[in-house]
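Okay, so here's the structure we're looking at.
Read-outs: derived from the displayed coordinates by stated rules, not from any lab. These numbers come from a predicted model, not from an experiment. We place every Cβ from the backbone using ideal geometry, glycine too, and count neighbours over all the protein chains shown.
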Amino acid sequence: MSEQFEPRIVAFFCTWCTYTAADLAGVSRLKYAPNIRVIRVMCSGRIDPQFILEAFAHGADGVLIGGCHPGDCHYIEGNYKCLRRAHLLKRVVQDMGIEKERFRLEWISAAEGDRVKTVVNDMVAQIKAIGPLRLPSRFKQWDAEMRELEATVNHTEEMTHASQA
């Protein structure tokens, strides 16, 4: 009997807007998928790109960033900093072979509890359709590829040294 895949999503929510909206959704008894684990940050602009990469490396099937709407940041322009980083991260994530749907940035104000519900449910559905990421299991494959590449380089160097002697 096969189990149905349930994605694990790490969500970084700004404390002033998106985290408050998630709290509002809970208080309003809005039902959304329980697949997210929320990490509360002071500002979306304070999210280090390494946090996103670490989340994927430690088994997350998706990463969601929630911040204040542009122009409404408690720290003036933190969300613009987040937007610039997110654009770069999307490229990095795709270059790693991770589907773009697995990484998402959303602007959600404190009054938009219903939007948290919609975004979370939509992301969970998208990732369920894609399937599990299984990035940690890919590390073994990548390590094997690196050993193979190293062996090829070493063999080439040995052949070069032998022909020079």
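Projecting the Cα atoms of Phe139, Leu89, Ile39 onto the dipole axis of the chain, where Lys and Arg carry +1 and Asp and Glu carry -1 at the beta carbon, places Ile39 farthest toward the positive end.
Bridging of Lys90 to aspartates and glutamates at a Cα separation below 13 Å is possible for Glu99, Glu101, once same-chain residues fewer than 8 apart are set aside. Highest GNM mean-square fluctuation among Glu54, Glu106, Glu150, for the chain modelled with Cα contacts below 10 Å: Glu150. Less than 20 Å apart at the alpha-carbon level, and either on another chain or at least 8 residues along: which aspartates and glutamates does that give for Lys100? Hits, sequence-local ones excluded: Glu6, Asp48, Glu54, Asp61, Asp122. Exposure proxy for Asp48, Asp23: other Cβ atoms within 10 Å of each Cβ, ordered fewest to most, give Asp48, Asp23.
Helix 113-130 axis versus longest C-alpha principal axis of the chain: approximately 30°, rounded to the nearest ten. Highest mobility in the GNM of the chain, judged by mean-square fluctuation with C-alpha springs under 10 Å and restricted to Leu133, Leu149, Leu105, is found for Leu149. Residue order for Cys14, Cys43, fewest other beta carbons within 10 angstrom first, comes to Cys43, Cys14. Rounded to whole numbers, the Karplus 3J(HN,Hα) couplings from phi for region 94-110 are 5, 5, 7, x, 9, 4, 5, 5, 7, 10, 9, 10, 10, 9, 9, 7, 4 Hz, using 6.51 cos²θ - 1.76 cosθ + 1.60 with θ = phi - 60°, and x at Gly and Pro.
Can you put Met123, Met159, Met42 in order, fewest other beta carbons within 10 Å first? Walk me through the numbers before you get to the answer.
Working: Met123 26, Met159 10, Met42 14.
Going from least to most buried by this count: Met159, Met42, Met123.
Based on the alpha-carbon set only, what is the convex hull volume of region 1-64 divided per residue, in Å³? Don't skip to the end; give the middle numbers.
Numbers: hull volume 5.0 nm³, N = 64.
Per-residue hull volume (Cα only) is 79 Å³.
Based on DSSP H segments of at least four residues, each scored -39500 (n - 2.57), the chain has a per-residue ellipticity at 222 nm of -17500 deg cm²/dmol.
With all distinct Cα pairs included, what does the Kirkwood hydrodynamic radius of the chain come out to in Å, to one decimal, could you say?
17.6 Å
Charging the Cβ of each Asp and Glu at -1 and of each Lys and Arg at +1, and nothing else, the dipole of region 1-143 about its Cα centre rounds to 140 debye. GNM on the chain, alpha-carbon springs under 10 angstrom: the most fluctuating residue among His155, His58, His69 is His155.
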